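In what follows, a structure is listed as structure tokens, so that the remarks can point back to it.
The values are calculated or read from the model by the stated rules, or taken from the named source; none is laboratory data. What you are looking at is a predicted structure, and each value in this text was computed from that prediction instead of being measured. So basically every Cβ, Gly included, is an ideal-geometry build from the backbone, and we count neighbours across all protein chains shown.
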């Protein structure tokens, strides 16, 4: 497969999204190592598979034991730290580029193929055992939704969750839709909303998780185990940044409304006198498209005020609920 072949690259990405890697237990790891070493030893002992130049075969044979010992030592020392998303993307691109660019010697086809398979096996082992399994999207649908022009109905949750691992826009119709990132983040997009979601994020405590709210209202809630990645909800008037917060963001014809049920959200906007404002719990900040209307901050209305409290009461129920 050529590294520049977009059609096959897309097929590979789709396959990977539909077949997420499973965590491997120590027994499977030991079994994989034994199979790898047995295949490599069989390749050395079979004369019919050793037709490459004598010098190349001798070099591989003489360094085999040292390389195996070095590989074992490296595995023992390897720290189990989660790499950043940028490092993961860089490593993957570098591996694919090297495999695609490697020339195929005319007189060493068998040895070269064996070497490629050995490198591929080592890469699979490294990805399986050293890189952390990312949290994945789960979906709950109460009605029809559209994601990147594809229609999804109740019962299509698994298919939609796989599609959402790439960036795209989620649009709800007459009913709300819920997406969850592992057990760390819950997002409810209310009826009639449009929300752009990022590619599947890595919850490493550092990389921002960024959404764009085009219309309607979205509720966001983090769990106590959330690692602390900044969450950003962008609208046409403001950027809303939250850490460990339950917040509702509304975009309508008048402007943007930010309601904070728990925690604190920072709202950054040219409409604010200082350029930003922190909004605390049980407070609402409203920004208006009309330049003649000043931003407005007010507390949540009491729950006995009927229609006035209906908007924030739904957000409070989302904060308390599953």
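Okay, residues lined up against (1) assigned to a loop (DSSP other than H, G, I, E, B); (2) in contact (Cβ under 8 Å) with a residue 60 or more places away in the chain; (3) touching a strand residue (DSSP E or B) at 6+ places or on another chain (Cβ under 8 Å):
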position	(1), (2), (3)
270	yes, no, no
285	no, no, yes
292	yes, no, no
297	no, no, yes
303	yes, no, no
317	no, no, no
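Just to be sure before I move on: is residue 200 in the same structural domain as residue 314 (by TED's automatic domain parsing), in contact (Cβ under 8 Å) with a residue 12 or more places away in the chain, assigned to a loop (DSSP other than H, G, I, E, B) and farther than 19 Å from residue 147 by Cα in the structure I sent?
no
Quickly run through the range 190-208 and pick out the residues that are within 26 Å of residue 143 (Cβ to Cβ) and crowded, with 22+ Cβ neighbours inside 10 Å.
Across the range 190-208, the qualifying residues are 193, 195, 197.
From 237, 213, which residue is in a loop (DSSP other than H, G, I, E, B), assigned by TED's automatic domain parsing to the domain that holds residue 278, in contact with a strand residue (DSSP E or B) (Cβ under 9 Å, 6 or more places away or on another chain) and within 19 Å of residue 287 (Cα to Cα)?
Matching residue, one of 237, 213: 237.
Taking residue 252, is it assigned by TED's automatic domain parsing to the domain that holds residue 184, surrounded by 15 or more Cβ atoms within 10 Å (Cβ to Cβ), within 20 Å of residue 177 (Cβ to Cβ) and modelled with pLDDT of 95 or more?
No, not satisfied.
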